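Take a look at the structure below.
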Amino acid sequence: MTRGSSARAAAEAAAAAAAAAAGNNNNNGSNGGAQVAFSLRPGHRQGEVISMNTKQGYNHWKLATEKLDEELYDCDPEGFYQFMKVLGSRADKCGWTEPDGILSIPTGENEVKSLITDYGSIEYDQVKSYESSFVSQDSRKAQDTAMLHDCIMNSVSKEGKAKLNVNEELYKFGRRQGGACLLKVLIRESYLDSNATSSMIRIKLSNLDEYIVQVKHDIGKFNNYVKVLVETLRARGETTSDLITNLFQAYAACSDQQFVKHIADVQSQWEDNEKPLTEVQLMDKALKKYRLLKDRGVWEAPTAQDAKIIALEAKIQRLTNGGKSKRKDGKESKDGKKKRQKKEKPKWMFQRPKDEDLKKPREWNGIKWWYCSPDTGGKCQGVYRVHKPSECKSLEPKGKGGPKKGTGGGDDKVDVTVSQATIDSPLSDVNMEDEDEIMGGYETG
C-alpha cells in the first residue's frame, strides 16, 4: 500500500468515527458528556439568549420580525381570523407558543392558555402581569416579546397602526415594548371583545340560512364564514350545540335542487343513526358536492319540472304578445292601438315593366313580386302581386259583388276584384297592415 493510499484510508476512518460519534450524540442527547437541549428549530431554545450581533442572530431576528403577509392588516373584523392564523404560524416557528413561551399566559393556578387560540378568554391584566415579569430583563423572553412587537407593527397598515398607537401606554414598559400586550390590544381593537360577542355569534349561527343567500349559495364562502364564527366562539371558551342543525337548515335553502336532495339524504341517514356525522364532516360533504356540480357545469341548472314550467311560461308569453296589435313607429290608431309605419314602395312597382321583363319577378320587402296582367297570363289589371300570374284567382269581395239590397238591380254592382294573394298564406310574411299596401303597384290606364 502506498503512502497516499494509507492517508486516504486514515481520513475515511476518521470521518466514519466522527459520524458515528455524532449519531450517538444525537441519539443519546449528549455531546462529550454535556446534555444537548433538544428543539425542532433554532428559535425554540427558550433559555438561550440570542446574540443579535452575529449572523445567526441577525437571520433569526429578520425571520421573526418580517411582515406576515404582503397585504397589511387594518385591524378590522373581516381580516382578523386570517391574521391570527398567520401570526400563529410565525409564533410556532419562533417558539413563542412553547409551554414557557411569551404567548403562553398563566391564567390561574396550574393553568396556562395560549394568546393565539384562547384570546377571548384571557384578560388584559393577565397578559400584562405575565409580560411584566420578564420584559425589562436581559433575557430570551425579553428578546422574543420585542420581536413579536416588531412583527405585528410590520404587518399592520397605517390605519391599523393608528388604532394601536393611541393605546401605546397599554403595551409600553419604560423604553421597551411588550409584544404580548400589543397583541391583546390588537385583538381588542379588531373585534368586539365583550360578553356581547358571544350573543352576536350565536345569533349569526342561528341565521345561517339567511347568510347563504347573501353569498349567492357559494358553499366555499359559506363554510369559511361558519368556521370563523365557531373559532371566535371557541376562543372565548364557549361552544355551540346546535350547529349541525343550523347547517342542515342553511344548505336546504340553496337554489340547486340536486345539492338540496343530496344534503337531505345525508340528513336522513344522520337522523336514523345510520352514519355518525360531525359538523366538519357535513361541511366537507357539502363542499365536495358543490364543487362536483360546478365542475360539471350543472350547478343551479333547471330540473325537468323547471324546464317544463319555463317552456309553458314562454308559450303563454308568446300567445299574449301575439294577440296584441303593435306598430313599429309607436303611433296609435283611432282605436288606441299603435300604428306601424308603412314602408315606401319602390318606383318600379308603379311602372309597367319592359316586354322582355314582363314575366320576371322583382324582389322587395324580402319576397318576390310578379307583374300580374292578362299579358303575363294573370287576371289582375296590371299590378305587382306576390302570386305568380299563372296561379292568379280573382274573387269577388264578399258583400260587394251583387246588387245592394233595395237598389233594384245589378247596375250598381261595383266592379272590384281581389287577388287570391290577399288571402294566401304567403302574405303573412309581407309584414303589412292594409289592402293598399298589400296590393301595391300599378294599374294600367
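The values are calculated or read from the model by the stated rules, or taken from the named source; none is laboratory data. The model shown is predicted, which means the values in this text are computed figures rather than measured ones. All Cβ positions, even for glycine, are placed from backbone atoms using ideal geometry, and neighbour counts span all protein chains on display.
Here are a few things to note about the model shown:
- Annotation: of all residues in segment 137-156 being among the polar types (S, T, N, Q) and within 18 Å of Arg90 (Cβ to Cβ), the one that is surrounded by the fewest Cβ atoms within 10 Å (Cβ to Cβ) is Asn154.
- Enumeration of residues in segment 63-79 that are farther than 16 Å from Lys161 by Cβ and modelled with pLDDT of 90 or more: Leu63, Ala64, Glu66, Glu70
- Single residue of segment 369-404 satisfying the filter (of a type outside the set (Gly, Ala, Ser) and surrounded by fewer than 14 Cβ atoms within 10 Å (Cβ to Cβ)) that is modelled with the highest pLDDT: Pro374
- Subset of segment 209-225 [touching a helix residue (DSSP H, G or I) at 6+ places or on another chain (Cβ under 7 Å) and not in a helix (DSSP H, G or I)]: Val215
- Across segment 341-366, the qualifying residues are those that are charged (D, E, K, R) and assigned to a loop (DSSP other than H, G, I, E, B), and the one among them that is surrounded by the fewest Cβ atoms within 10 Å (Cβ to Cβ) is Glu344.
- Look at segment 42-67: where a residue is within 13 Å of Arg140 (Cβ to Cβ) and in the same structural domain as Gln143 (by TED's automatic domain parsing) and a partner is outside any loop (DSSP other than H, G, I, E, B) and modelled with pLDDT under 85, sitting 6+ places away or on another chain with Cβ atoms under 6 Å, you get His60/Gly43.
- If the condition is being assigned to a helix (DSSP H, G or I) and either more than 28 Å from Pro302 (Cβ to Cβ) or in contact with a Cys (Cβ under 7 Å, 6 or more places away or on another chain) (or both), then segment 247-284 contributes Val260, Trp270, Glu271, Glu279, Val280, Gln281.
- Residue within segment 183-195 that is under 15 Å from Phe80 (Cβ atoms), more than 25 Å from the chain's Cα centre (by Cα), among the charged types (D, E, K, R) and in a loop (DSSP other than H, G, I, E, B) present: yes
- Any hit, segment 247-268, residues being surrounded by fewer than 18 Cβ atoms within 10 Å (Cβ to Cβ), under 20 Å from the mean Cα position of the chain (by Cα) and of a type in the set (Asp, Glu): no
- From Val86, Val127, residue being closer than 14 Å to Ser190 by Cβ and either touching a helix residue (DSSP H, G or I) at 6+ places or on another chain (Cβ under 9 Å) or crowded, with 21+ Cβ neighbours inside 10 Å (or both): Val86
- Counting the residues of segment 117-141 that are closer than 23 Å to Phe83 by Cα, part of a loop (DSSP other than H, G, I, E, B) and in contact (Cβ under 8 Å) with a residue 40 or more places away in the chain gives 3.
- Options Gly237, Gly336: the member that is part of a loop (DSSP other than H, G, I, E, B), more than 30 Å from Tyr371 (Cα to Cα) and at pLDDT below 75: Gly336
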